[in-house]
Each structure stands twice: as C-alpha cells, then as structure tokens.
1. Sort out for me the strands (runs of 3 or more DSSP E) sitting completely within segment 83-157 that have 3 or more residues that are within 16 Å of the ligand (Cβ to nearest atom) and surrounded by fewer than 17 Cβ atoms within 10 Å (Cβ to Cβ).
2. Here are some conditions: (1) at pLDDT 90 or above; (2) in contact with a helix residue (DSSP H, G or I) (Cβ under 8 Å, 6 or more places away or on another chain); (3) more than 9 Å from the ligand (Cβ to nearest atom). Residue 59 meets all but one. Which one does it not meet?
3. Just the residues that are farther than 14 Å from residue 54 by Cβ, part of a loop (DSSP other than H, G, I, E, B) and within 12 Å of the chain's Cα centre (by Cα), please, taken from segment 26-40.
4. Being surrounded by 19 or more Cβ atoms within 10 Å (Cβ to Cβ), farther than 24 Å from residue 151 by Cβ and at pLDDT below 95 narrows it down to one residue among 36, 5, 74, 69; which is it?
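The values are calculated or read from the model by the stated rules, or taken from the named source; none is laboratory data. Predicted model only: the values in this text are computed from it and were never measured. Every residue, glycine among them, receives a Cβ derived from its backbone with ideal geometry; neighbour counts consider all protein chains shown.
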Ligand SMILES: [Zn+2]
C-alpha cells in the first residue's frame, strides 16, 4: 500500500503487509516484529523484509528477545540495510499507540532515525507513525485492502507464530495494570 501524508510518502510492500496481517489474525495474543526501512528525505519504503523474531507476549503486551533483535540487526547491517520498522498487534482491539507504546519508542531510535512504527489489528486497521528519537513527525490510519486472510494463509502464519512466540502468563500484565516495576530481563519494545 502506498501512503501519501503531507510531505511523506510511505510504500509498504503488499506481501509484507499481508504477512503482518496474517500473523496478527493467526495469534490469539499480541505479537511484534521488525522490518527493513529504506529512507531518503520524505520517501520511506518497507520492502518485503519483515520478521517475527523470537519473543514473549500475552493479551496485553509483546516483547522481543534481545538476542533475536541483535541477530537481525547484524544480518541487516551485513546486507547494507537498516532495521527501521517496528510493528505490533492489538488483536481485536482498536489499532492505536498506547501510552506505554509511546514510552518504548525511544528504544527504537537505536536503529537510526527516522523509524516507522505501526499497530495492526485483526480487522486490517493500521495506525502508522513516523518518528525521530524524540518526536513523532506524523501519524495516520489506514485499512488494508483486499480479501481477508484465507484458511491456508492463516495456517501458515499460525505455524510461524507458534515457532516464534512464547505465551507469558497473564501475571506478566499485572505490573502494567497496577503501575508496578517492569521486568527488565528482556527488552520491552511495546505494550
Ligand atoms: Zn500497543
């Protein structure tokens, strides 16, 4: 899908968009992942290089494993590419950036700026954001075009989700709900 928003143009490869939508629908808990971002001035492009790295999640949060992120960074750097796209899913909830999502964006800036973040939901609604390390440059919504994911697509996506995603106990969401300390053992990109 091609987006023109003010001075920005963002092109998301349709196959990558579909992959993320299928992972979102195929998982009963939140998932997150990373992708390559190509950027020059106002032109941003996300090629069909998006991944579902190994991670833990629950209904209320998703968290990529540090070593999986590091591995992807090295792989991209070797190919002369930059990991500058982060996505996560909100299941059946509205696609929006929560306060905790906001707090976690500074971590993404280590991939360089600008970076693009997106929240997907099962209905194909997507909330987009283009950020630098300390500010949001622009935010917009879109809806994925095309047929709903097919049975076969979802079966394939479910197998990928099963390989990559460990389900945390619902207890992992308690600190978020009650404002207690966050675990620090793994990098927390998004809630
Ligand atoms: Zn979120």
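1. Values: elements: 83-89, 115-120, 125-131, 136-143.
Those strands (runs of 3 or more DSSP E) span 136-143.
2. (1)
3. 30
4. After applying the criteria, what remains is 69.
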